[in-house]
1. Pick from 557, 515: which is in contact (Cβ under 8 Å) with a residue 60 or more places away in the chain, on the phi > 0 side of the Ramachandran plot and of a type outside the set (S, T, N, Q)?
2. Just to verify a result, which residue in segment 287-301, among those that are in a helix (DSSP H, G or I) and surrounded by fewer than 24 Cβ atoms within 10 Å (Cβ to Cβ), is nearest to the chain's Cα centre (by Cα)?
3. For segment 103-114, which positions are in contact with a Gly (Cβ under 8 Å, 6 or more places away or on another chain) and of a type outside the set (Gly, Ala, Ser)?
4. For segment 389-443, which positions are aromatic (Phe, Trp, Tyr) and either in contact with a Lys or Arg (Cβ under 8 Å, 6 or more places away or on another chain) or assigned to a loop (DSSP other than H, G, I, E, B) (or both)?
5. Suppose we filter segment 54-85 for residues that are modelled with pLDDT of 95 or more, buried (at least 24 other Cβ atoms within 10 Å of the Cβ) and small (Gly, Ala, Ser); how many remain?
6. Give the residue that is surrounded by the fewest Cβ atoms within 10 Å (Cβ to Cβ), with candidates limited to residues of segment 533-554 that are in contact (Cβ under 8 Å) with a residue 40 or more places away in the chain and under 21 Å from residue 409 (Cα atoms).
7. Does residue 16 meet the test of being surrounded by fewer than 24 Cβ atoms within 10 Å (Cβ to Cβ) and within 30 Å of residue 163 (Cα to Cα)?
Amino acid sequence: MSDKLDSKIPAGPLEQKWTKHKMDSKLINPANKRKYSVIVVGSGLAGGAAAASLSEMGYKVKCFCYQDSPRRAHSIAAQGGINAAKNYQNDGDSVYRLFYDTVKGGDFRAREANVYRLAEVANNIIDQCTAQGVPFAREYGGLLDNRSFGGAQVSRTFYARGQTGQQLLIGCYQALEKEIAKGGVEMFPRTEMMDVVLVDGHAKGIVTRDMVTGEVKSYAADAVILATGGYGNVFFLSTNAMGCNVTAAQRAYKRGAFFANPCYTQIHPTCIPVSGDYQSKLTLMSESLRNDGRIWVPKSQDDAAAIRNGKKKPEDIAEDDRDYYLERKYPSFGNLAPRDVSSRAAKEACDDGRGVAPTGLGVYLDFRDAIDRLGENVIRARYGNLFQMYEKITGDNPYKTPMQIYPAVHYTMGGLWVDYNLQTTIPGLHCLGEANFSDHGANRLGASALMQGLADGYFVIPSTIAVYLAGEKPGSITTENPEFAQIEAEVTERLNKLLNINGNRTVDSFHRELGLLMWDNCGMARTKESLELALQRIPEIRKEFWENVRIPGHGDGLNTELEKAARLADFLEFAETMCHDALEREESCGGHFRLEYQFTADSPEVQAGSTQPGEAMRRDEEFAHVAAWEYQGTENKPIRHVEQLEFESIQLAIRSYA
């Protein structure tokens, strides 16, 4: 393990680590909490929950978001549900089973201690949100209902139709607005973080740009929390909101925070397929649909071609001529196999010439059998808003004809490296939710993103931030410190440089070029050759960007092109780190699939019946670790540090869902 990485995982039995850690950690007297200030960047579920909770505890909080309201954070887009081991269905669930499923689902590339804590506090999240009035679905008798999600054989997912993220965010938003009204939280909407400010090596503030007036301004605090989401838009086309970016994390990385496992990106199997070059984003169809929908393609390439050419319709394909490939390959989990496994299976079917979308990249998600079994009204009650959204986008009625779906970038498991207290390698800089790397390993199970965001915000950071703050003198750093003026000047210079290039290409043209390069070479499948090609091309695209991008307007006011250009500049640097990480990790695990490392028919594990040809082949002896990258300059390769993963409660095994 690198001597620069101290995970601070407490000693003792797994089940007692979190309780013991809270007991052993430093506390701050309630009267003294009022003396400390905390900056929270991001107002989604992780950031909003943290800001509201810290304010309720007495801390003075400044919360920043680039949206016009915290209500518009991207957490609102989560559809399917949130996991917790309440075992209301009496189907054998437990905290340990949720922990095990999450570690296994992440292909054994996550810390046991962090994941167990996540599973442990998940039950508290449901209680908290129910008390807030979140309208979770209920059974006929009034009890909270559950449904199943990928990678689990129990029903543990709590949901609110197909808009769970929105309802959870409204609850979080109400808690945040209460604290704003009380004066505990000062909210800064339409304000984008441009850099983090370090004083004597500690994070003590940020520099922002007012997106309406263009003003560049500094803010100081005793600690800084980043809850700024993931970096999926490095691929340009993703299910993320178009404003989602890597800027806050990349700026922190360039100031000394290590970036962990950036090659771990999640490809979600149920998204509406790409339909043309004009698109600027993709649309998710919730994993919850796989509870009742069956995924299939024709067994025959000829039938698939006839569908693509409009000569046949899906109902023309006889039942015996359909390949329900997930049910065939993974009978124990069927259509609820984990996302990485399901995505690769869809790609495999389409690569075999059996895709049904006009582009050849699409498979069917069919509700015919569920409607026959349960009735259209039941399906409408469960998924009505999702079916309506699909019909509005595609023009097809999914009650009458199968949905077409295909994998797309959805989530990123990599992020800033954090210890057990959620503190990065920069003292005072904490990182929550999707922006950190800590809980999901190489693949996130469905309905776990909301769980992690709210766990970090409501329950973890309120306990652990005192570990840092207790050793700091409150209010000792202000924006009068010279470091703030220096970073402000650097931010202003960078923005002016972008505005003055006055080239011939749009920001989006560069972003599309980068995104296509990343998707083709560091997407659902990667090879040594493809990654080396990407590492050759990224600096070339970046060089042309800084010489030939055109940004109309000026910086003294609203300028969306300037916003996009600043974010893309960070993506153009981050993409290299991501490809370095994928190249150095010479194994396949979870969402990181190196074509060179997969089981074949001749592999002993396949012949023993432990797995199937084409499945991801981990190399535990060499790569059962976290890779954390240290910035060394834009034109230099970063340094790779290693945090070894220790498995005391779970035995490493080939991940099988057959």
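1. 557
2. Within segment 287-301, the subset in a helix (DSSP H, G or I) is 287-291, 301.
Retained after the next criterion (residues that are surrounded by fewer than 24 Cβ atoms within 10 Å (Cβ to Cβ)): 291, 301.
On the way: 291: 22, 301: 35 Å.
Looking at the filtered set, the residue picked out is 291.
3. 103, 104, 107, 108, 109
4. First, pick out the residues of segment 389-443 that are aromatic (Phe, Trp, Tyr): 390, 399, 406, 411, 417, 420, 437.
Correct list: 399, 411, 417, 420, 437.
5. The qualifying residues number 5.
6. Applying the filter and picking the extreme gives 535.
7. no
Every residue, every condition in (1) surrounded by fewer than 19 Cβ atoms within 10 Å (Cβ to Cβ); (2) under 24 Å from residue 134 (Cα atoms); (3) over 22 Å from the mean Cα position of the chain (by Cα), yes or no:
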| residue | (1), (2), (3) |
| --- | --- |
| 173 | no, yes, no |
| 181 | yes, yes, yes |
| 185 | no, yes, yes |
| 190 | yes, no, yes |
| 229 | no, yes, no |
| 236 | no, no, no |
| 250 | no, no, no |
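The values are calculated or read from the model by the stated rules, or taken from the named source; none is laboratory data. None of the values given here were measured: they were computed from a predicted structure. All Cβ positions, even for glycine, are placed from backbone atoms using ideal geometry, and neighbour counts span all protein chains on display.
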